[in-house]
Amino acid sequence: MVKRTVLPGGLRVITEQVPGVRSASVGIWVGVGSRDEQQSVAGAAHYLEHLLFKGTARRSAVRIAEEIDAVGGELNAFTAKEHTCYYAHVLDSDLPLAMDLVSDVVFDALLAEKDMETERSVVLEEIAMRDDDPEDLLHDTFIEALLTDHPLGRPVLGTEQSITSMSRTSLHGFYKRRYAMPRMVLAAAGNITHGEVLRHARRLLKDRLVGDRPPGGPRTGRARVAAPRKLVLHTDDTEQAHLMLGVRALDRHDERRWVLGVLNTALGGGMSSRLFQEVRERRGLAYQVYSSVASYADTGHLSVYAGCQPDRLGSVAGVVHEVLGDVARSGLSEAEVERAKGQLRGSLVLGLEDTSSRMSRIGKGELSYAEYLTVEQTLEHIESVTAEEVASLAGKLLTRPVATAVVGPYAHPNDVPAEVVR
């Protein structure tokens, strides 16, 4: 029950009707993220996301909050490397209000100077909170080590310096240039119909839906990135040492992405994974260890995280490298591949039990690929992965140059155990 329409001006509308539920989720996805920023306005996309909720031509920030609270709904947003999403989750009967609030925030924000100063302080607090969370700090440090000076390597939040120096003129210009209809997708899922979503969109956006501009397509191209840095250390007086290491992997358009998903899941995606069994269950070296993947339009990464006592960091790193090396040489067993495929199938289907997840799936899919894959098609892609394909991809990816990041009580890179960097 997924339907798609392109409205005048290039706005894409995609909906999924989910009979039997009593909720509706709606989101406006904007194909703008931190990679679209110049260094001088690093963090602009995220700063702007905050500021749009501070008031519009029709509503104050307080009124926005009161209206969504009055119906027991949720109104929020998030910013990523390549997109920003503004969304609401409400009862199905409150769909008109949800669409009104989301469109009002996205298209009619005032960006008042006084509100900018208020949110400047909030964003700086968020950066400080990130710095106080070793795992969050580690992730940004790892991306910096892997993608170096590419815009994808910069933190979504920006830096204290860039946020402090950013002017309203530069942020307003970023908003007006980047928030264009062809870059946007309006997605809705739940007890709704495609027709009613279109009616509300036309009523709310009115004169904005003009012209014959075609919708934007998915990002393409090839990232030009310098060689990864072997080690980036962030000295912090933590009780644990936090390690993340990884390699550049596949972009999201690569047909082998399904194979990568199986490889990642078997490597460190659950309690039966190689890394969990070797690091935690057999040796008891860490409480938390996992692998993850991220895919962008033109690059991606496969990474491993572990947190442990500082005096165990060398042992943990040694085991991680041993596991990665073994999988690179010998691949995975048929049993491991089948378990990973089953885990991916289950998590996909169970993750679509709520309308917010369904809205995110169709909205992000349209923005990233300009197409819709049904759940059945996705499951078929997962099921078709073979152990031979996993072994081939592992041999290619896990022998690439490794970037490593450490957050912990080490004063100098020379203090980090030698086993960390290979």
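The values are calculated or read from the model by the stated rules, or taken from the named source; none is laboratory data. Everything quoted here is computed from the prediction, not taken from an experiment. Every residue, glycine as well, gets a Cβ built from its backbone with ideal geometry; the counts of neighbours run over all protein chains shown. We work out accessible area using only protein heavy atoms, side chains counted, and drop any ligands, DNA or RNA first. Shrake-Rupley method; radii C 1.70, N 1.55, O 1.52, S 1.80 Å.
What the table shows:
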{"item": "Some residue of segment 306-321 being part of a helix (DSSP H, G or I), under 21 Å from residue 248 (Cα atoms) and among the charged types (D, E, K, R)", "result": "no"}
{"item": "Check on residue 156, at pLDDT 95 or above, open to solvent by less than 20 Å² (accessible area, probe 1.4 Å) and more than 26 Å from residue 416 (Cα to Cα)", "result": "no"}
{"item": "Lone qualifier among 295, 272, 291, 315 - being crowded, with 22+ Cβ neighbours inside 10 Å and touching a residue at least 12 places away in the same chain (Cβ under 8 Å)", "result": "291"}
{"item": "Pair list, Cβ under 6 Å, 6 or more apart: segment 115-144 residue more than 27 Å from residue 404 (Cα to Cα) and in contact (Cβ under 8 Å) with a residue 12 or more places away in the chain, other residue open to solvent by less than 60 Å² (accessible area, probe 1.4 Å) and of a type in the set (Asp, Glu)", "result": "none"}
{"item": "Residues satisfying the stated conditions in segment 119-139, i.e. in contact with a Leu (Cβ under 9 Å, 6 or more places away or on another chain) and open to solvent by 40 Å² or more (accessible area, probe 1.4 Å)", "result": "126, 131"}
{"item": "Selection within segment 214-232 - open to solvent by 40 Å² or more (accessible area, probe 1.4 Å) and at pLDDT 90 or above", "result": "214, 215, 227, 229, 230, 231"}
{"item": "Helices (runs of 4 or more DSSP H) contained entirely in segment 1-113, each with at least 1 residues that are surrounded by 22 or more Cβ atoms within 10 Å (Cβ to Cβ) and either more than 21 Å from the chain's Cα centre (by Cα) or at pLDDT 95 or above (or both)", "result": "44-51, 95-107"}
{"item": "All positions within segment 205-229 that are under 19 Å from residue 154 (Cα atoms) and among the hydrophobic types (A, V, I, L, M, F, W, C)", "result": "223, 225, 226, 227"}
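Listed here are the residues, each with its yes/no results for (1) within 26 Å of the chain's Cα centre (by Cα); (2) within 26 Å of residue 32 (Cβ to Cβ); (3) touching a residue at least 24 places away in the same chain (Cβ under 8 Å).
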| position | (1), (2), (3) |
| --- | --- |
| 350 | yes, no, no |
| 367 | yes, yes, yes |
| 371 | yes, yes, no |
| 386 | no, no, yes |
| 397 | yes, no, yes |
| 400 | yes, no, yes |
| 411 | no, no, yes |
| 415 | no, no, no |
